[in-house]
Amino acid sequence: MIPATFDYVAPTSLEEALAALAEHGDDAKVIAGGQSLLPVLRMRLNTPEVLVDLGRVPGLAGITDAGEHLRVGAMTTYQQLLDDPAVAVHAGVLVKAITEVADPQIRHRGTIGGALAHADPAGDVGAPVLALDATMVIAGPGGERRVPATEFFVDLFETAVGEGEVIVAIEIPKHTGWGSAYEKFVRVAHQWAIVGVAVTARAEGGTIAEARVALTNMGSTPVRAHDVERALVGVAATAEDLREICARVGEGTEPPSDLNGDAHYRRHLAGVLTRRAVLTAVGA
Ligand SMILES: Cc1cc2nc3c(=O)[nH]c(=O)nc-3n(C[C@H](O)[C@H](O)[C@H](O)COP(=O)(O)OP(=O)(O)OC[C@H]3O[C@@H](n4cnc5c(N)ncnc54)[C@H](O)[C@@H]3O)c2cc1C
């Protein structure tokens, strides 16, 4: 389908972009890589009057080592994240999840900021960002504010980004030396996750010392599995020792039921994938 008519502005500074958003209110929509927004426009699920393109705003793309964390500009593409060795070293689980996103064309256009703002619960970047305790830097008319990942995802396709605001960066605490894995279950290649599990973990002498676990498509937002994380500490990294703990990962979650599987099936799947991901992350 053809999108409804819209005006297009391409600001060359963040101030101009924020001014355009302030001027047009909820008639305006930000466009980044367009990989989620264009399908939405073509299906006329949304009909903004103005698109504000962030593509020419300087300083929004790129990855900087900021000491304790990596600062990833919101307009950084998936491919730029894959190409930067620092991301693999300090935030391995993000790289592993992004490898599973769609195909090379989409990974060259799609941005991390766009994916997080879109907040599809089946999207692959929410869970790793949650597992890594990242913080979203959001700019608006009142200046910048920082929102931790635990408070960023509000509901289905809804985030803490308010009207007139844009994500400018994501700050990702370094998890240097931690192992990682992203288990994505799909029936055919390039499908959205039926269930996904992001794990980053550290083992000492065959025993799990620290673990972070987050789930994709197990509710209306990415879900952090704090109880399982706590239960994993001090446990031997063997399939048998992990079985019972990981099987509990779906407790309290509200996954969807659809043609790919009902909620009960997804909870079972999440347990199996979590065990696999933990074993891979700790190299067992
Ligand atoms: C065929 C296909 C297959 C796909 N498969 C997968 C998959 O397997 N896994 C997966 O995770 N994703 C998948 N995607 C979705 C895609 O990865 C992302 O959703 C997409 O790249 C979002 O980033 P973008 O830069 O393209 O955002 P856009 O499409 O430009 O924008 C998306 C939304 O975010 C808003 N937005 C964008 N940037 C900002 C910002 N900086 N601040 C505030 N709001 C902003 C826009 O207004 C819009 O509402 C697929 C997409 C397609 C078309």
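The values are calculated or read from the model by the stated rules, or taken from the named source; none is laboratory data. Everything numeric here is computed off the predicted structure, so don't read it as measured data. Heads up, the Cβs are rebuilt from the backbone with ideal geometry, glycines too, and the neighbour counts pull from every protein chain shown. To get the accessible areas, we keep the full protein, side chains included, count just its heavy atoms, and leave off ligands, DNA and RNA. Shrake-Rupley method; radii C 1.70, N 1.55, O 1.52, S 1.80 Å.
The combined condition, being more than 12 Å from the chain's Cα centre (by Cα), farther than 14 Å from TYR78 by Cα, open to solvent by less than 10 Å² (accessible area, probe 1.4 Å) and among the hydrophobic types (A, V, I, L, M, F, W, C), is fulfilled by ILE138. Under the condition of being touching an Asp or Glu at 6+ places or on another chain (Cβ under 9 Å) and of a type in the set (D, E, K, R), the residues counted in the range 1-28 number 3. Only a single item in (1) modelled with pLDDT of 95 or more; (2) more than 30 Å from HIS90 (Cβ to Cβ); (3) touching a Ser or Thr at 6+ places or on another chain (Cβ under 7 Å) is not met by VAL57, and it is number (2).
Within the range 169-193, the residues that satisfy the criterion of being surrounded by 22 or more Cβ atoms within 10 Å (Cβ to Cβ) and among the aliphatic types (A, V, I, L, M) are ALA169, ILE170, ILE172, ALA181, ALA193.
Would you check if ASP133 is within 8 Å of the ligand (Cβ to nearest atom) and either modelled with pLDDT of 95 or more or surrounded by 17 or more Cβ atoms within 10 Å (Cβ to Cβ) (or both)? So ASP133 fails the test.
A Cβ distance below 6 Å, combined with a sequence gap of six or more or placement on separate chains, defines the contacts here; from the range 110-134, residues that are on the phi > 0 side of the Ramachandran plot and polar (S, T, N, Q) reach no residue that is within 6 Å of the ligand (Cβ to nearest atom) and part of a helix (DSSP H, G or I). When the range 220-235 is examined, which residues are found to be aliphatic (A, V, I, L, M) and either in a strand (DSSP E or B) or within 15 Å of the chain's Cα centre (by Cα) (or both)? Residue satisfying the conditions is VAL223 alone. In this entry, VAL197 is excluded by the filter for residues that are open to solvent by less than 30 Å² (accessible area, probe 1.4 Å) and within 11 Å of the ligand (Cβ to nearest atom).
Screening the candidates ALA102, ALA88 for the property of being open to solvent by 30 Å² or more (accessible area, probe 1.4 Å) and either of a type in the set (A, V, I, L, M, F, W, C) or within 19 Å of the chain's Cα centre (by Cα) (or both) yields one hit, ALA88. In the set (1) open to solvent by less than 40 Å² (accessible area, probe 1.4 Å); (2) among the small types (Gly, Ala, Ser); (3) under 20 Å from PRO121 (Cβ atoms), ALA231 fails one condition alone, (3). Of the helices (runs of 4 or more DSSP H) lying entirely inside the range 1-107, the ones with 2 or more residues being away from the ligand (no atom under 11 Å from the Cβ) are found at 14-24, 78-83, 85-90, 92-99. The set of residues in the range 242-260 being touching a strand residue (DSSP E or B) at 6+ places or on another chain (Cβ under 9 Å) and assigned to a helix (DSSP H, G or I) consists of LEU242, CYS246, VAL249, GLY250.
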